[in-house]
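Beneath this line is the structure, given in structure tokens, with notes to follow.
The values are calculated or read from the model by the stated rules, or taken from the named source; none is laboratory data. Because the structure is a prediction, the values reported are computed rather than measured. Cβ placement follows ideal geometry from the backbone for every residue including glycine, while neighbour counts extend to all protein chains displayed. Heads up: the accessible areas ignore ligands, DNA and RNA and are worked out on the full protein's heavy atoms, side chains in. Shrake-Rupley method; radii C 1.70, N 1.55, O 1.52, S 1.80 Å.
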Amino acid sequence: MDSSVRQTHRMLGFCFQVTSSSHGLLEVHAALDKFIESLSSSIISSLSEDEFVDHVRSVINKKLAPFPSL
């Protein structure tokens with residue numbers, strides 16, 4: 001298991017690389033989906049309403065910002 005953070009087209013994301021000799025692709029995929037869902041649920045549920053709104057506004061502003069060019 002390896003994980004990293006990457007930014008693509010100004011969008012921040014997580015990358016997971018999983019290698020298993022004992023579990024099949026569908027089993028690993030299901031486990032990873034379950035992990036991501038539980039992680040995102042716990043992060044979102046830990047935010048106050050104001051913090052959540054601040055994050056939403058931040059994403060909106062970032063999407064609306066002009067693309068930096070030379």
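Out of all the residues in the range 1-51, which are under 11 Å from the mean Cα position of the chain (by Cα), among the β-branched types (V, I, T) and within 28 Å of P66 (Cβ to Cβ)? Listed by number, the list holds a single entry, V5.
Once the range 15-26 is narrowed to residues that are surrounded by 10 or more Cβ atoms within 10 Å (Cβ to Cβ) and under 22 Å from V5 (Cβ atoms), the residue that is modelled with the highest pLDDT is V18. Condition test on H29, is it at pLDDT 80 or above and in contact with a Leu (Cβ under 8 Å, 6 or more places away or on another chain)? The answer is no for H29.
Scanning the range 33-48 for residues that are at pLDDT below 90 and either open to solvent by 100 Å² or more (accessible area, probe 1.4 Å) or closer than 17 Å to M1 by Cα (or both) turns up F35, I36, E37, L39.
Name every residue in the range 1-47 that is part of a strand (DSSP E or B) and within 30 Å of N61 (Cβ to Cβ), in order of residue number. I'd like the intermediate steps shown before the answer.
Step one: filter the range 1-47 for residues part of a strand (DSSP E or B), giving 2-8, 11-17.
If the condition is that a residue be part of a strand (DSSP E or B) and within 30 Å of N61 (Cβ to Cβ), then S3, S4, V5, R6, Q7, T8, M11, L12, G13, F14, C15, F16 are the ones that fit.
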